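First the structure, in the form of structure tokens, and then the observations on it.
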Amino acid sequence: MSIKVLVVEDEEAISHLLKYNLTAEGFEVSVVDDGDEALMAAEDFQPDIILLDWMLPNVSGIEICRQLRARSETRDIPVIMLTARAEEEDRLRGFDKGADDYVTKPFSMKELVARIHAVLRRTNPAATGNVVTFGDIVLDRETMRVTRGSVTVTLGPTEFRLLETLIKRPGRVYSREQLLDRVWGQDIYVESRTVDVHIGRLRKALNKGGLVDPIRTVRASGYALDETYSG
Ligand code: CA
């Protein structure tokens, strides 16, 4: 699964350019053009990073940044502000509202991509490296291999993606619908109990030999990795 970038930009020329170039760099890109959509997409698309234009219609980028930081669902997503304003005062105001970095238009793609990687390294090492660990569970995105302790866990592609989704944010509860969107994709119709079936398979593979179950079932809500599990 590639790094997901949400672009919030109302100028089509710029958003097209960003989508084209960032996709070519291997990112998965979603574009929205106003603040309300940005807040919805931040929850639904669950980006690893948000590129947020400062000057947007209706609600400003700064206000959106403030709202992203106020919600537990989106609080931890790093934000790079894109702006035509270069004044130092504005720059400080952007950071004050919780932006992680700041890129002034016009910018070079090379510079922007470097900034994205720098911010991700700083804020979310799990998103940039191929290897994610949780307790004694190690997931390698590149080789699609999972181990628990010294044992290799054999997973199908769906179970791999389920674990990959859960392991990104231990403790966060995902509803069946959210897991369907993230693992199966938004355009595919799958019954929600399919999620239960695949969670069952994931558990079976992961806990083979009677190991402690690191997945928590949250009644009427969904599933999460148990953040108290330490392997
Ligand atoms: Ca704009």
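The values are calculated or read from the model by the stated rules, or taken from the named source; none is laboratory data. It should be emphasised that the depicted structure is a prediction, and the values quoted were computed from it without experimental measurement. All Cβ positions, glycine included, derive from the backbone under ideal geometry; neighbour counts span all protein chains shown.
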If Leu68 passes every condition in (1) closer than 20 Å to Phe45 by Cβ; (2) surrounded by fewer than 19 Cβ atoms within 10 Å (Cβ to Cβ); (3) modelled with pLDDT of 85 or more but one, which one does it miss? (2)
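Checking the structure you have, find out if any residue of the stretch 102-119 is more than 23 Å from Ala24 (Cα to Cα), within 14 Å of the chain's Cα centre (by Cα) and outside any loop (DSSP other than H, G, I, E, B). So that I can check it myself, show each step before the final result.
Going through the stretch 102-119, the residues more than 23 Å from Ala24 (Cα to Cα) turn out to be none.
Checked against the condition, which is being more than 23 Å from Ala24 (Cα to Cα), within 14 Å of the chain's Cα centre (by Cα) and outside any loop (DSSP other than H, G, I, E, B), the stretch 102-119 yields no hits at all.
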So which of Gly171, Gly200, Gly149 is closer than 21 Å to Ile3 by Cα, over 14 Å from the mean Cα position of the chain (by Cα) and not assigned by TED's automatic domain parsing to the domain that holds Thr74? Gly171
Candidate set: the stretch 177-197, residues that are under 21 Å from the mean Cα position of the chain (by Cα) and outside any helix (DSSP H, G or I); chosen: the one surrounded by the fewest Cβ atoms within 10 Å (Cβ to Cβ): Asp187
Out of curiosity, is Lys19 at pLDDT 90 or above, under 19 Å from Arg182 (Cβ atoms) and surrounded by fewer than 22 Cβ atoms within 10 Å (Cβ to Cβ)? no
So how many residues does the stretch 96-110 have that are of a type in the set (D, E, K, R) and either touching a residue at least 60 places away in the same chain (Cβ under 8 Å) or within 14 Å of Thr83 (Cα to Cα) (or both)? 3
Given the stretch 1-91, what strands (runs of 3 or more DSSP E) lie entirely inside it while holding 1 or more residues that are away from the ligand (no atom under 16 Å from the Cβ) and among the β-branched types (Val, Ile, Thr)? 4-8, 28-32, 49-53
